[in-house]
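Peer 1: Below is a structure I'd like to ask you about.
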Amino acid sequence: MVSTRLTKAQKMNPFIAEILGSMFLITLGGGVVANVVLKGTKGNNSGWIVITTGWALGVYIGVVIAGPYSGAHLNPAVTVSLAIAGKFPWESVPSYILAELIGAMSGALLVWLTYKDHFDETEDAGLKRAVFCTDPAIRNPIANLISEIIGTFVLVFAIFYFTDASATIDNAPTVIGLGSIGAIPVAFLVWAIGLSLGGTTGYAINPARDLGPRIMHALLPIKGKASNDWGYAWIPVIGPITGGAIAAFLMLYLS
């Protein structure tokens, strides 16, 4: 008798892996923001260090889950940049981006369910929206766009070095990275970006991370919520894609 049971590897495919990895990323990343900014939580007002650390650890968990099956892009900017650099097939880009968006929306839903009572207790509508999506400390569209471009450029350019096992330096092969996206290095990278570059816009550096939860903010019955700020929403989409593309073109030039 032939067994019809599927192995874990057969059940887990890149599409599902990107959904789950992105979902855990946003559940923990959005969750730490909720814990810090919403009224009455145990972590209320614990500050920027807690937020950046929570996001970094969220990236760590997401990469651990998705890495063996999809490469753990978890970010349309990473997916597009890898395709530009010839390291990922263009035909797979749409399915990856869709999975990342679905995962981000699912994670935002889990955060809302977890913290619903605290959403209800919080009077500041802006703080409620901040759990879902980014907004700038000083609203200046050009400066905000540049901030997102630079942050994502740093992210993607460093990831290229994590994924390349070696490079030719002075005609000799030299090991420069891990050979695959490693969970700990990427987590430290995102932590560093948050600490150093995140104070201007909240460092979306990921279109799905911002757009998916922003859509959920619009759809969920959140008591006393603010507008969805669609006028700003293009910046954390276009900025990361642009920054990642610049990193990819620079890597092609240097290789």
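The values are calculated or read from the model by the stated rules, or taken from the named source; none is laboratory data. Computed from a predicted model, the values in this text were never measured in an experiment. Virtual Cβ from ideal backbone geometry, glycine too; neighbours counted across all protein chains shown.
Peer 1: Kindly indicate which of Ser70, Ser106 is at pLDDT 95 or above and not basic (Lys, Arg).
Peer 2: Ser106
Peer 1: In the range 153-199, which residues are among the β-branched types (Val, Ile, Thr) and at pLDDT below 95?
Peer 2: Hits for the range 153-199 are Ile159, Thr163, Thr168, Ile169, Thr174, Val175, Ile176, Ile181, Ile184, Val186.
Peer 1: Kindly indicate whether Ser81 is surrounded by 14 or more Cβ atoms within 10 Å (Cβ to Cβ), in contact with a helix residue (DSSP H, G or I) (Cβ under 7 Å, 6 or more places away or on another chain) and at pLDDT 95 or above.
Peer 2: For Ser81, the condition - surrounded by 14 or more Cβ atoms within 10 Å (Cβ to Cβ), in contact with a helix residue (DSSP H, G or I) (Cβ under 7 Å, 6 or more places away or on another chain) and at pLDDT 95 or above - is met.
Peer 1: List pairs: first residue in the range 126-143 and surrounded by fewer than 12 Cβ atoms within 10 Å (Cβ to Cβ), second residue not acidic (Asp, Glu) anywhere in the structure, Cβ distance under 9 angstrom, at least six positions apart or on different chains.
Peer 2: What qualifies is Ile138/Asn144; Ile138/Thr200.
Peer 1: Also: Can you find even one residue in the range 120-129 that is closer than 16 Å to Pro221 by Cα, not polar (S, T, N, Q) and not in a helix (DSSP H, G or I)?
Peer 2: Checked against the condition, which is being closer than 16 Å to Pro221 by Cα, not polar (S, T, N, Q) and not in a helix (DSSP H, G or I), the range 120-129 yields at least one hit.
Peer 1: How many residues are small (Gly, Ala, Ser) and farther than 17 Å from Phe132 by Cα when one looks only at the range 48-74?
Peer 2: 6
Peer 1: While we're on this one: Show the residue pairs meeting these rules: Cβ distance below 9 Å; 6+ apart or different chains; first residue within the range 15-33 and over 15 Å from Leu109 (Cβ atoms) and in a helix (DSSP H, G or I); second residue modelled with pLDDT of 95 or more and among the charged types (D, E, K, R).
Peer 2: Listed by first residue and then by second, the contacts come to Glu18/Glu100; Gly21/Glu100.
Peer 1: While we're here: Give the residues of the range 89-111 that are closer than 20 Å to Lys225 by Cα and surrounded by fewer than 24 Cβ atoms within 10 Å (Cβ to Cβ), sorted by residue number.
Peer 2: Residues satisfying the conditions are Met105, Ser106, Leu109, Leu110.
Peer 1: Further question on the same structure: Pairs, please: C-beta under 7 Å, at least 6 apart or cross-chain, first residue within 21 Å of Ala226 (Cα to Cα) and in the range 196-216, second assigned to a loop (DSSP other than H, G, I, E, B) and among the small types (Gly, Ala, Ser)?
Peer 2: Correct list of pairs: Thr200/Ala137; Asp210/Ala204.
Each row is one residue, and each column tells you yes or no for (1) assigned to a helix (DSSP H, G or I); (2) under 27 Å from Ala226 (Cβ atoms).
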position	(1), (2)
Lys39	no, yes
Asn44	no, yes
Gly54	yes, yes
Gly62	yes, no
Gly67	yes, no
Val80	yes, no
Ala83	yes, no
Lys87	no, no
Asp117	yes, yes
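Peer 1: Another question, then. Of everything in the range 231-240, what is surrounded by fewer than 18 Cβ atoms within 10 Å (Cβ to Cβ) and either in a helix (DSSP H, G or I) or under 15 Å from the mean Cα position of the chain (by Cα) (or both)? Give them in sequence order.
Peer 2: Result: Gly231, Ile238.
Peer 1: Taking the condition of being in a helix (DSSP H, G or I) and either in contact (Cβ under 8 Å) with a residue 24 or more places away in the chain or in contact with a Pro (Cβ under 9 Å, 6 or more places away or on another chain) (or both), how many residues in the range 217-230 meet it?
Peer 2: Final tally of qualifying residues: 1.
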